[in-house]
Each structure stands twice: as C-alpha cells, then as structure tokens.
Amino acid sequence: LVDQGLSDIYSQEYLNEPIDAGDRTFKWDWLQQEFIEDDLKFKALNRYIMIDVADSKKDGADFTAVVVIDWDSENNWFIQYAKRYKVNSPEKIDLILELWQNWKPNKIGVEKKSFEDEIKPWLKIKSTETGVFPVVEELESGGKNKEARISGALQGRFEAGKIWFKKDALDDQRLLRSELYDFPRSKNDDLSDALAYGEQIGYRPMGKSKAQMTQTEKDFYE
C-alpha cells in the first residue's frame, strides 16, 4: 500500500489538490483491517462478485474492475480478491465464466451500462456452448453519481470496521486501498466502485437483500 507521504505527493503533483488527513473520506486506520483464511473457517458466508465494466481496453480507458467479497452473519465484508483487467467484449464474457467457476459465488453483478447490450445476450450464447450457467444480474446506479455511490456504500462500513482486506494478497488490493485513501481524487476509482456495488447485490447469510426489504428497513440502513 502506498504510504501516507507518497500518497500526498501523488495528490499534490498529479492532481494539484493535496488532501488533508482530517478531510479524507476513508481514514488511514480504517484501511488496515486484515484477515486470513483461518478466520473464516467456521463462519456462514455469502459470496458475491461485482464487476465495474470498462467501455474498451484501449490505452487511457478505464479498467474493468472485479471484486470478490465474502459477507458474514455479522455484516463483515472480507475482500477475497480485487483485480483490474483490460479486456474487450468477448474477453469480458470469458472472464465472467472463469470467475464463476473459480470462485463459486452466490451470484455476479455487472454494472448496468454494459449489461443489456454487451453482456446478457453474449453470455447466454457462451453459456449454451460451454454448459456453464452463471447467475448474473444487472447493477443499478440508483440515480447516484459514482462519488456519492462509493462514499454512501463504503464510508460507514469502513468506519465501523466492517470491511477487511486479505493479508498478503497478491492481487490488486493494495491499489484498492490507495484508491480509497485518495478518494475522490485518486487517478482511478474502478475497484472502489466495484466494491461499493456489494451493498446492492448481496446480503448476509439469513438476511435480506435491499430488493427484499421494506421501505422502513431501507430507510434505517440509509
């Protein structure tokens, strides 16, 4: 993880807007909670994969970001995997099938902008060819811009100590932490956006998804 000094230098030199430590949306200490697999051994868990899809794989385009979380009965999120990809449309379908087979989640959520035209029809064809049928649903923005969606879904959870990073992870979790620490002025926010969608797609074991909640229950959590 980029340390505080390097992160501030990045913000100042590349974005010309250094962020005071007290003004950060995601505090340094909130991003230090880590787990190991043995911590999850006796927990009931629901697993979800969220994908923030890029429009292309050209240089300068956003990344396609993937985050895998395990959600326990006490409302903790354990980040099992976070990775940025540069993939074209056919490769996105292959990636979804690969993630489904490797991680065996309850379901996969894909950001709306690419779902109906790019993902849904081609996934149906590819599933018929391969015999692999992942449960994939569309993720909605909820009428919020990206900054509001990320802070709304994640700030309270991090402050309450409910989001954990995998210790010694070899994927892009260090980049995810850097994105969050420099939010909303980080160079990239694709992984943060993917993580934020966890609130929409999932729920704890024996719990309810937002779609299943009454309006009173939704108001309580918001």
Quiz item: How do Met206, Met50 stack up against each other in accessible area, from largest to smallest, with a 1.4 angstrom probe?
Solution: Met206, Met50
Quiz item: Given Ile119, Trp100, Thr130, which one lies farthest toward the positive end of the charge dipole of the stretch 78-134, if we put +1 on the Cβ of every Lys and Arg and -1 on the Cβ of every Asp and Glu?
Solution: Trp100
Exercise. Given a cut-off of 29 Å, name the pairs among Lys120/Lys162; Lys113/Lys187; Lys83/Lys146; Lys104/Lys126 whose C-alpha atoms lie farther apart than that in the structure shown.
Key: Lys120/Lys162
Practice problem: Before anything else, pin down the relative contact order of the stretch 94-195: Cα pairs under 8 Å, at least 6 apart, normalised by residue count, whole percent. | Solution: 23
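The values are calculated or read from the model by the stated rules, or taken from the named source; none is laboratory data. Just so it is clear, the structure is predicted and the values come from calculations on it, not from any experiment. Using ideal geometry, Cβ is built from the backbone for each residue, glycine included, and neighbour counts are taken over all protein chains shown. Just so you know, the surface numbers come from the protein's heavy atoms only, side chains and all, with ligands and any DNA or RNA stripped out. Shrake-Rupley method; radii C 1.70, N 1.55, O 1.52, S 1.80 Å.
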